[in-house]
1. Order these by the 10 Å Cβ neighbour count, fewest first: 1, 163, 127, 94.
2. 222 nm [θ] for the chain, helices only, -39500 (n - 2.57) per DSSP H run of 4+, per residue, to 500?
3. In the Gaussian network model of the chain, springs joining C-alpha atoms below 10 Å, which of 162, 111, 176 carries the largest mean-square fluctuation?
4. Within 10 Å, count the other beta carbons around each residue, average over each peptide in 140-149, 54-63, and list them highest first.
5. Please check: in the Gaussian network model of the chain (C-alpha springs, under 10 Å), which one of 23, 200, 93 has the largest mean-square fluctuation.
6. Between residue 203 and residue 172, what is the label-to-label distance in nm when each label sits 7 Å out along the Cα-to-Cβ direction?
7. Where does helix 174-187 land angle-wise versus the long Cα axis of the chain, in degrees 0 to 90, nearest 10?
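Just so it is clear, none of the values below were taken in a lab; they were calculated from the coordinates. Here the structure is a predicted model, which means the values were calculated and not measured. All Cβ positions, even for glycine, are placed from backbone atoms using ideal geometry, and neighbour counts span all protein chains on display.
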């Protein structure tokens, strides 16, 4: 089975297993997803979803958050960890959105990459979830599962994994595939325990069955 054939089978099986998989960060505006994805670094999405409620209650829009003291942002987001650096990035990002983009999130990948605290993973998430464009989000689950399944070969660098997946994943499938890999990585192909191969829908086609 070629890698293109393998990924097509993975896509179809995960669609059946997780038909409603989507982003687990709560947001109703694009700028809020930018904030949440920065807070999600080394923090659970569930905790981020709780913390941002207090942040948005006090600073309900881009202009308000751009004008907020960094120290106040840090105090609110501290439960997400790395509060100082995350607060600085969020403040700088909102200032740039307000001053340059008139409170709107830019719609191109290259422009998103110029925003403070935004890397390839975040930019791809925005492109896919907000703007419905082809995207591959190489988070820890995507990287781990892509290696275990055999979609990539012993590659841990996020950009290299992304580039390898672009070569085999149909563009229209990339964003949802990555969301489903997150679900599968949390529930079955786990990182902190041995993967639950006995109940994995991919067990018979997985390259590294049973390997942590």
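1. Details: 1 10, 163 14, 127 20, 94 26.
Arranged by neighbour count, lowest to highest, 1, 163, 127, 94 become 1, 163, 127, 94.
2. Details: 11 runs with 114 residues, N = 212.
When only DSSP H runs of four or more count, the value is -16000 deg cm²/dmol.
3. Result: 111 has the largest fluctuation of those listed.
4. Details: 140-149: 21.6, 54-63: 15.7.
Peptide ranking by packing, descending: 140-149, 54-63.
5. Highest fluctuation of the listed residues: 200.
6. Output for this residue pair reads 3.3 nm.
7. 80
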